[in-house]
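Asker: Next up is a structure, given as structure tokens.
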Amino acid sequence: MSSPPSGAGSPTPELLRAVEAGAPEAVDAWFRAEHPEVYRLCFGFLAHAADAEDVAQEAMLHLLQKLAGRDAARSYRAWRTTLVLNRCRDRLRRGASRSTAEEGAALASSERVLPDPHDVAEHAEIERTLALALRSLPEREREAFVLRDLDGLATEEVARALEIGESSVRSLVTLARRRLRELLGARLAPGADA
Amino acid sequence: MSATHEPDDDAEASRELRELYRALQPPPLVDDADDADPETARAVRWMRDAWQGLEIPAARVPVAPRRVRRVARPLRFALLAAAAALLALGGAALWRALGRAPSAPSSAPRLADRPAPRDTSGVEVLAALPDRLELRSGPVRLVLLAPADDAPTNGATTNGTPTSQTHDLPTGG
């Protein structure tokens, strides 16, 4: 399997210092590098493209405002993940992005083979399937799955971000994987990714 | 005959069941999806590839924050405090030069509580505080106050935090 981490390239300390000082070029570079990462996290937690777009924009501004005051002893990535997670939880609490049982059932009952995730022409279908699959997971399982299997954090990092034990993370991730296998397994082309 | 052996058989069966139960091992919780069964690993891989290939919508890059107020505000107040101190010292010196007994600025009674001065040619310091200076010259009273917070200028910040001005960033991953 290909290596998971997507957010491996955290901004350098020099770039972060320049952003804190308000250098326009640094802010621009930081934003362009970080926005895709933040959007993907939001999409994962919210499982909804439009909500993810809104929350990602808000979260980027929030990150920029809080950057100078963050705890320097904590890694930038962990700090960013926590802030984005909290923004997404707030949005979910306000009632948006609720999943429905019908959506999950529709996904499971479809017999169409899933498109190649790299196929640009199938982008809309891939995004829709991804969102439905994520929405079929309970919130805690989804958070653990996104951080562990999609964002590629280590189990102990996920445990710290979610403030739960490592064994709980393993349980949540295992449950999420099982659900996804039941949802998608029959629709995956055999050997397509071998 | 068999009835006499039944309790022993039951006990033996229970014991074996207990041993089997105690020997049960939970299924391993694999840490990495690579170590899961092939179908699970394939499903996770599809999710990950789809997630990493998400089309990133256009975003609005915030205008770089400026930090004018953080520097300007203390400086402006320091200048004002220095001016107030000079005024207070000048007023006291003038008072002494006029041969009057100086009064403690902070404990001086307010204008309304004092009797009207007979000689109105001098300047009297009524109060010299960090944010306020009160002077009196005859019937005229002058009160200097430290300026209140200004409305932030365009593009400026409050306590150094950036504004939410943005400009568009083209779509891209």
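Asker: Go through segment B:43-49 residue by residue and turn each phi into a ³J(HN,Hα) via Karplus (6.51, -1.76, 1.60, θ = phi - 60°); whole Hz please, and just put x for glycine and proline.
Answerer: 5, 5, 5, 4, 4, 5, 5
Asker: Follow-up question, since we're still on this one. For chain A, what is the relative contact order in percent, using Cα pairs closer than 8 Å and at least 6 residues apart in sequence?
Answerer: It rounds to 24 percent for chain A.
Asker: Counting only residues 5 or more places away or on other chains, whose amide H sits under 5 Å from the amide H of B:Leu126 once H atoms are built in the peptide plane?
Answerer: Residues meeting the criterion, in which the H sits 1.01 Å from N, are B:Glu134, B:Leu135, B:Arg136.
Asker: On average, how many beta carbons from a partner chain sit within 10 Å of the beta carbon of a residue in B:29-41?
Answerer: Shielding by partners across B:29-41 averages 6.
Asker: Shifting gears a bit: Tell me, which longest segment in chain A has none of the trypsin sites (Lys or Arg not before Pro) that fall in DSSP loops with at most 10 further Cβ atoms within 10 Å?
Answerer: A:1-93
Asker: Using only the Cα atoms of segment A:114-186, build the gyration tensor, take square roots of its eigenvalues as a ≥ b ≥ c, and label the shape rounded, prolate or oblate: rounded if a/c is under 1.5, else prolate if a/b is larger than b/c, else oblate.
Answerer: The shape class here is prolate.
Asker: Using a 10 angstrom Cβ neighbour count of at most 10 plus a DSSP loop assignment to flag exposed GluC sites (Glu not before Pro), which longest range of chain A is free of such sites?
Answerer: Longest run free of exposed loop sites: A:1-110.
Asker: Let me ask something additional. For the residue pair B:Ala93 and B:Ala11, what label-to-label distance in nm results when each label sits 7 Å from Cα along the Cα-to-beta-carbon direction?
Answerer: 11.3
Asker: Do you know the relative contact order of segment A:9-98, to the nearest whole percent, from alpha carbon pairs under 8 angstrom that are 6+ apart?
Answerer: With pairs under 8 Å counted, the relative contact order is 30 percent.
Asker: Under a plain spin-label model, where a point goes 7 Å from the Cα along Cα-to-Cβ, how far apart in nm are B:Asp37 and A:Ala33?
Answerer: That separation, rounded to one decimal, is 4.3 nm.
Throughout, read-outs are computed from the coordinates displayed, never taken from laboratory work. Keep in mind that this is a model prediction, so the values were computed, not measured. Counting neighbours? That spans all protein chains shown, and the Cβs are built from the backbone with ideal geometry, glycine included.
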